[in-house]
Every structure is written in C-alpha cells, then in structure tokens.
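Report on the following structure.
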Amino acid sequence: FLSEPSQTAFSYNESFANETLEHIADSLKYHPKLQQLALVRCQLTDKQLEILKDKLTPTITVLNLSSNKLTHKSAKIFNDLIKSQDKLVHVILDDNLLTDVTVQEIAQGLDDRYNRLAESKKSGVCLLEVLSLKNTGMSDKGLISLVHVFDTITSKVKARSISGGDTSKGLRLNIGCNDIMDNGMKTLSHLLTTFNGIASLNISNSAKCKTTGFMELIKSLRANKSLEQLDISNNTLQNSIVNELLLVLKVSCMLSTRCTMYCNRCNCLQACQYSHVLCVDTCLLYTSPSPRDRQKSRMPSSACKKKKKKK
C-alpha cells in the first residue's frame, strides 16, 4: 500500500489488530489521490474507527465499512465524517449494529453539511449518491429522522432558489433487512412524493407493516419522477398491493421492480419480475369454494381433466 502513492482505491477484507489499523491509518497521508476506502469484514470496532476518522484524507468519495463490529457508540463519529468530508458521497455501512441512534446522527450530519456548503455559496451542493444501511438495526425512528432531513433540505433548496447538487444520478438508498413499520413507510411515501432525488430504493425483507403502509408506498410512485429501481423482495405482499403495483408500472416505464409476493390462494411463495414487460405467474392450486369439498387446496377441474386424458 505504501509503495503506490498514486493509488486511488484501497480494499482490505480481513480482521486486523490495532497495530495494522494504525499502520493503514498513518499511511493514508501518503496517498493524496485516494478516493475509495473499503474495510469490509475486518472486525473493525468503535475505538478503531475513532483512530481512522482523524486520518481520512479529504479526497475520499467512497467509504465502505460493511460487516464489522460497529455499534451505536460510533454515532458521533459518523456525524463528523458526513459533516466534514465534503467529497464523501458513497457511504456503505451494511451489517453493523448501528441502531436508530447512528442513523439520526447521519441525518444530522447531512443537514449540517448542506447548511455549511449552502452558506458558503458553493455551487452544486452534493449530499450523497449512495447510502446503504442494510441490516443495521434501524426502525421507524431512524428512518423518519433520515426522511425528515431530505424533506427539509428540499424545502431549503426551493426557498433559496439554489442548486441542490447534481441530482442526475440520484440517491441510491438501501434500508433492507431492518424493521420498518407503517409510520416509517408512510413517511417514506411522503418523501417519494415530494423529493425527486432518489434513483434506487431497497426495502427488501424490511417492511413489517400492514397493507396500509405498502399501499401508501405504491401510490406515491405515481407522483415520483426519479425512481428507477425499487426492491421490495422478501416482504409479504397482499394481492391488492400487487395489483396496485401493476397499475403503477403500466404508466411508469422508468421503474423496474423486483418483488417477492405470497399467493393468497395457496400461500406459496412466488418470485415475480417486473421490468417493462409485466408478467405474473399464476398458481394452479386454489381453495375450493364448493361446500362439498373441504380440502385446503386442489387442482382445477380443467387441469384434472387434462391429466386424465394424458393417462
């Protein structure tokens, strides 16, 4: 690492001792062009992150600290990183037990960064392009704080009539594998309605809400003009939600959606792919409505006849 001062990216994916981390941190100053730093599955702790924070160069644009031992004790550190690192636009913190406390601090850091850059009248105030918080112990509380900041910044941009940054790429937000309930989904739906700066949203295996929360989310897609990818896989979706989703997709050709749904008729898990060409697999099993037949499920008579003919 030290032998390549022109290096723009550095990745390490093994656990290390404090001495190794200190060596890596101290060597950062010899790499003025370093833009990407990935320390994945390194067993990185909160105390080690404190050491690393003060050594990061202002050129860093991508920071990947996934699958470490970071907790809510790092909340203030992430606040400082988001607030002070102006060029940092990709933040990936998947699989760390950060909880809502850290998400709230990240949100506050984003707000502080925007206010500072806007007051200095820097053109193209850039927030984030990627924010990945998959499996971080986040609930409605943390999500609502994050959404509130984006909503507030949107209002400030309109009020000041200044550029909110390069939104051509849009934010890629991953909040999968968390505990999002109805209130969180409704707040997220409001953001999609008012903020056209999200290009990708991943809430796979994350929504513990009822039909109401999902319905609000799907309906908000009608007003959104920026979302290109929506991942709601591994969530239990009712037929009414899927039908509403299909209606939205017919008028929103930019959106490709990957979802997993439960078929209410036979309770079997089906994977459905929606991408311009809409296709829903139907199941031959169904619950018989006939009072003479109390079986939980059976094949339709037409299918049975086909089988008999084959015999």
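The values are calculated or read from the model by the stated rules, or taken from the named source; none is laboratory data. Predicted, not measured: the structure shown is a model, and the values here were computed from it. Cβ atoms come from the backbone with ideal geometry, glycine included; neighbour counts cover every protein chain shown. Just the protein is used for accessible areas: all its heavy atoms, side chains included, with ligands, DNA and RNA removed. Shrake-Rupley method; radii C 1.70, N 1.55, O 1.52, S 1.80 Å.
Observations on the model:
- Length available on full extension from Asn18 to His190: 0.36 nm per residue minus the Cα-Cα distance, which gives 57.5 nm.
- The solvent-accessible area of His148, taken with every protein chain present and a 1.4 Å probe, is close to 110 Å².
- Contour minus Cα-Cα distance for Asp151 and Lys76 (0.36 nm per residue): 24.8 nm
- From phi via Karplus (6.51, -1.76, 1.60), per-residue ³J(HN,Hα) for region 36-51 in Hz, x at Gly/Pro: 10, 10, 10, 10, 10, 6, 9, 6, 5, 9, 4, 5, 5, 5, 4, 5
- Potential extension, Met181-Tyr30 segment - 0.36 nm per residue separation minus Cα distance: 49.7 nm
- Point-charge dipole on Cβ atoms (K/R +1, D/E -1) for region 1-54, about Cα centre, debye to 20: 200
- The accessible area of Arg41, taken with all protein chains in place and a 1.4 Å probe, comes to roughly 130 Å².
- Whichever aspartates and glutamates have a C-alpha closer than 14 Å to that of Lys73, once near sequence neighbours (fewer than 8 apart) are set aside: Asp46, Glu50, Asp100, Glu105
- Label-point separation in nm, Arg41 to Arg116, each point 7 Å along Cα→Cβ: 3.5
- Accessible area of Phe78 (1.4 Å probe, protein heavy atoms only, ligands and nucleic acids ignored): about 10 Å².
- The mean sequence distance of close C-alpha pairs (under 8 Å, at least 6 residues apart), as a share of the length of region 50-159, puts its relative contact order at 29 percent.
- When the convex hull of its Cα atoms is projected in every direction, mean area for region 1-133 (nm²): 7.5
- Note on surface exposure: Tyr12, Tyr30 rank Tyr30, Tyr12 by accessible area, highest first, 1.4 Å probe.
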